[in-house]
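Every read-out reported here was derived from the displayed coordinates using simple, explicitly stated rules and does not represent laboratory data. As the structure is a computational prediction, the values presented were derived from the model and not from experiment. Glycine gets a Cβ as well: all are built from the backbone with ideal geometry, and neighbour counts include every protein chain shown.
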Amino acid sequence: MKAKASAGSAAPAREKRTPSELWADGFGRVGTRAAQVLLIIIVAAVSVFALMQIKLLVIPVLIALILAAAIGPFVNLLRRRGLPGGLATGVAFVALLLVLAGVFTVIYFSVRNQWAELAAQASSGLDELEQFLRTGPIPVEQAQLEQARESIVQFATSSQVRSGAITGLSVVTEFLAGAALMVVILFFFLKDGAKIWNFLLRPFTGQREAKLRRVGRRTLEVLGGYVRGTAIVALVDTVAIGAALLILQVPLAFPLAIIVFIGAFIPLVGATVAGILAALVALVANGPVVALIVVAVVIAVNQLEGDLLQPVVMGKSLQLHALVILMALTAGTILAGIIGAVLSVPLAAVAWAIVQVWTAEDPGLEDMNPDLPPANSQPV
């Protein structure tokens, strides 16, 4: 018994681990990283939520920044030609407004002049569709068609649709207010953009200030290159598809071509959706043969755009994988609808350019800022 007791007392006692030692092992390091990731996600979610509460201000600022980056070189060209800064800004600003006003004017008059014809053709097309459903391979009874039509009429006259119309009026009001605010912000970005950026960089000095200045330059390069390159690609798409619609005598050819131009600013899906809309109009107005021709033209133009135009015109303005673009489009659409889909991809490209600058991985970093650390060095 005594021997056993002495043997038990001789066994080493279990040592207590301090909290710092608990966090130093494998599970502790995993827990630390998990806590950091959760904290970053919470901060990002709170920031996005806060920005969405003031989206009437945030969205005009972003649109104005993108437009200013796109037409900024034109303002600088006018200044180099001897025009004062204020006059050069005014000329570029008025030219941009005239272009936008011309686009909306063409859409309005084209729709107004051809709307009656399209409505009549749509009515006859629906009659043909109804006849096909009654006598097609899988015939539908007349009672079922009448019941579906009554359901559509009831929905169109319901209180839900009326409340949606009221919501639409508020959306129109917000759109007009945001457009007016964007115009004002755009003017000041063009006129005093450099002064505004210098003011924001006043708290920073040395290497950090140099990096931030490089971030500003890269942001303007990416946004400007993206908008100008996309505009060129969209113009080619518009001319090709619009010419095909005019040759095939599809109604609303001009508005549909402009929709193609606008849709091209939504990568991957915008131009395709606009082409499908044009094919549907052709199907209703001109029949299935013309619709198939329109589909073939849209597919050919999309192939030309993806294989030739974008690599040549866009260059390195949009160095993003297709999966990243798709994820950015999805997130932007969920957060801000169509405007979010348009803004998400250039903002994602800017974010990636900022990461490259901040980690000294931007290939043009040393030439633009010799004081910064060389590429592939440890970030500061």
**Q.** Ranked packing of 248-257, 335-344, 84-93, most packed first, by mean Cβ within 10 Å
**A.** 248-257, 335-344, 84-93
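Sort THR219, THR333 by Cβ crowding within 10 Å, fewest neighbours at the top. Please list the in-between numbers first.
Values: THR219 21, THR333 17.
Listing THR219, THR333 from fewest to most nearby Cβ atoms yields THR333, THR219.
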